[in-house]
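Have a look at the structure below before the remarks.
The values are calculated or read from the model by the stated rules, or taken from the named source; none is laboratory data. Remember, it's a predicted structure, so these values are computed and weren't measured experimentally. Here the Cβ is made from the backbone with ideal geometry for all residues, glycine too, and neighbour counts use every protein chain on show. Just the protein is used for accessible areas: all its heavy atoms, side chains included, with ligands, DNA and RNA removed. Shrake-Rupley method; radii C 1.70, N 1.55, O 1.52, S 1.80 Å.
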Amino acid sequence: MSSATFEISFMGLADVDACWQLDQRCFEGTEAYERRTIRDLLTSPEAICLKSVTSDDEIVGFAIGVVEPEFRGHVVVLGVSPEFRRMGIASELMRRLEEGFRLHSVHLVHLEVRTTNDGARALYEGIGFRVAGRRLGYYTNGDDGYLMVKSVLEGRPAAE
Ligand SMILES: CC(C)(COP(=O)(O)OP(=O)(O)OC[C@H]1O[C@@H](n2cnc3c(N)ncnc32)[C@H](O)[C@@H]1OP(=O)(O)O)[C@@H](O)C(=O)NCCC(=O)NCCS
């Protein structure tokens, strides 16, 4: 764990380019979003968009979740700059995203993770998500994804 400090805050329209560029770096060779998709997310009233920034105001991590019907939350994307990984940034972003979901009365959070993405899966399992199914051909290149879920209401086991 580094002694560097990072601040987490909400993202908005002004962050579109920095967020899109970071997304490109995080998902290079897999499935980075188009700029307009990032812009749509950052301006959606249902989306909770968080960034982790250095003291120099550089965005080094981001997480976007969407509040869906029936008090469900969907983690749409999570990424940390390669130079800043294994410093706890993604864990903290997820903790804050869960807080945001709870404020919207979300009780169950779900996400998809590529079946080959062992690092991200380890992260999610470490913070309480569990694999609830496999989505065949979920990604546009044909890769399968694991569906992972977590109950964010204390004391309740995750239901499907
Ligand atoms: C996955 C990702 C978001 C993790 O970000 P991070 O800030 O490095 O994660 P954290 O530092 O909070 O990691 C917390 C724990 O998760 C696990 N973990 C995270 N990355 C891991 C890796 N590459 N391999 C194994 N375990 C990993 C570890 O248990 C880690 O704790 P430790 O460092 O004390 O061992 C980052 O690697 C990334 O942006 N990857 C590319 C994009 C991506 O795959 N996003 C997720 C898509 S579903």
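A few comments on the model shown:
- Filtered residue count, the range 3-46, keeping only those that are in contact (Cβ under 8 Å) with a residue 40 or more places away in the chain and open to solvent by less than 40 Å² (accessible area, probe 1.4 Å): 7
- Residues that are touching a Phe, Trp or Tyr at 6+ places or on another chain (Cβ under 7 Å) and part of a helix (DSSP H, G or I), drawn from the range 21-35: Leu22, Asp23, Arg35
- In the range 101-120, residue farthest from Leu136 (Cα to Cα) [restricted to those that are within 6 Å of the ligand (Cβ to nearest atom) and within 11 Å of the chain's Cα centre (by Cα)]: Ala120
- Residue that is farthest from Thr30 (Cα to Cα), among those in the range 77-95 that are within 7 Å of the ligand (Cβ to nearest atom) and among the basic types (Lys, Arg): Arg86
- Residue pairs meeting the criteria (Cβ under 8 Å; at least 6 apart or on separate chains; first open to solvent by less than 30 Å² (accessible area, probe 1.4 Å), in the range 87-113; second acidic (Asp, Glu)): Val109/Glu98
- Of all residues in the range 56-79, those that are touching a residue at least 12 places away in the same chain (Cβ under 8 Å) have Cβ atoms under 8 Å from Cβ atoms of residues that are in a strand (DSSP E or B) and hydroxyl-bearing (Ser, Thr, Tyr), 6 or more apart or on another chain, in Ile59/Ser52; Val60/Ser52; Gly61/Ser52; Phe62/Ser52.
- Index of the failed condition, Phe27 passing every other in (1) farther than 22 Å from Leu103 by Cβ; (2) at pLDDT 95 or above; (3) touching a strand residue (DSSP E or B) at 6+ places or on another chain (Cβ under 8 Å): (2)
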